[in-house]
Amino acid sequence: MGSILKRQKLSEEHYEDRISNLPNSLIAQIVSRLPTKYAVSTSVLSTRWKQLWTSITNFNIDDQLLLCPQNKSTDPSLQRSFTSFVRRVLLHHVSCVQRFRLKCSQSYDASLVNGWIADTLLRNVRELDLDLSFRMGNSTMLPQDLFTCSTLVVLKLRTYGDMNIVPTSVSLPSLRILHLFGLEFVDGGSIYRFLFGCPVLEELSMSQCVGENVSLINIVAPMLTSLFMHDCLFGYTRPPHGFECKIVLDTPALLYLKISDSAADGSYLIENLHHLSKADISLYAWDMEMGSIETDASAISKALTDLLKGIANVQFLRLNVMMQDIYMCDCQLPKFPNMTYLELGDVRNVRWTFLPELLENSPRLETLVFEEGLGYEYGMFPQSSWNPAQNVPSCLLFHLKVMKITDFKGLKEEWEIVDYFLQNAKVLEKVKIDYGCGGSKWTIHASRT
């Protein structure tokens, strides 16, 4: 009994309320990192905490945290409770806003949400993250003041609706990061006006954006260093084959380009990518219903070749070609004079006749990675197997030092490719082969030493 009392006394003596000793400004920064629902809840802790939340600088408002999780239906009373909460938070908040994130999974009155956003814009907000995962008719709930906010540095829009509200004049002089998800553009001019009004834009991401009448996308951004385009669909109703959209990239400062797109969506016209160092290209074409396979294959090969020509100065290239039996040898590949790293992803249906040309055109290649294997399905091989040229590419003779292969099946055709590199890569230092088939896994590590 005595030992228990002794431990209890020691515990009480060593207890120290360190949080209460912190200044209010620091506590407000800590509370700012909580979802706003929990930040406001701290007001019940004590008299001192009652008003602390009103000086937070970061808002994270999510209706899924405020609505009953078990109630999946649209309950008007729960929605009224949420809107009342947001209104009270904005009414009592007294400080400028550093970051405002609003996520709405339910449908709300457009003018109401517009008012919340407009109120935030008046507080010198620097980061605005809007996730409005619902659609209200044909309009997107974005106030006009959003396009003339001088303090915005980061803008992320995730919504479903058309962008016909883009004004004729856009002025976002401080915007450096722009992420667009799920937006529907009525024409190419709205995209151009949006980007033209962002003179210091450095990062642009467009994911699952669509535009039925968009036939030309001009991305002109002199300060842009990173560009991501994922699964966008423009010009999709144009007869007879659809997908007739041209995407023009005039981004002289671009360092990183990532494209994941249907190769038939359109063609990329690339200018002034002299400083590009890293590119991640994934092109796919699973839907062959709009034309014959041969026609699509030719168009896709040309689209990929044109894109590769535009990024020929790249140093790091990751390439996924998820297509149906494509003859890459039909088109002449460009030279890659600066490329030192090449990673090939999903290439199962691409004929290997293009790889020798790719190696020949990459004289400084030092690292070659087959991230998803050598493209052979178990028991099924491409009609044109590995057939290297008699002249060994110079990169194998003088530069290739590292080779990695994952998902290796151990088939005869795969060993032929491995044997070719081991015989001809004269300065090869490291080889890593990950074998995985039938539940068995093993890894081969080899080095010249």
Handout entry: Largest-first ordering by accessible area, 1.4 Å probe, given options Ile417, Ile177
Key = Ile177, Ile417
Practice task
Could you compute the FRET efficiency for Leu65 and Lys309, with r as their C-beta to C-beta distance and R0 at 45 Å, rounded to 0.05?
Solution key: 0.40
Practice task
Can you figure out the FRET efficiency of Ala253 with Asp407, using R₀ = 35 Å and their beta-carbon distance, to the nearest 0.05?
Solution key: 0.40
Completion exercise
1/(1 + (r/R0)^6) with r = Cβ-Cβ of Ser77 and Val220, R0 = 51 Å, i.e. FRET efficiency to nearest 0.05, evaluates to 0.55
Handout entry: Asp231 accessible area, assembled protein chains, probe 1.4 Å, Å²
Key = 70
Practice task
Heavy atoms only, probe 1.4 angstrom, no DNA, RNA or ligands counted: give me Glu429, Glu202 ranked by accessible area, highest first.
Solution key: Glu429, Glu202
Exercise for the section: With 20 Å as the limit, write out which pairs from Lys335/Lys412; Lys309/Lys401; Lys401/Lys432; Lys409/Lys432; Lys302/Lys401 have Cα-Cα distances beyond it, or answer none. Expected result: Lys335/Lys412; Lys309/Lys401; Lys302/Lys401
Handout entry: Accessible heavy-atom area order of Asp419, Asp131, highest first, probe of 1.4 Å
Key = Asp419, Asp131
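The values are calculated or read from the model by the stated rules, or taken from the named source; none is laboratory data. Treat the numbers as computed from the prediction; the structure is a model and nothing was measured. Don't worry about glycine lacking a Cβ; one is built from the backbone with ideal geometry, like all the others, and counts go over all protein chains shown. What goes into the accessible areas is simple: the full protein's heavy atoms, side chains included, and nothing from ligands, DNA or RNA. Shrake-Rupley method; radii C 1.70, N 1.55, O 1.52, S 1.80 Å.
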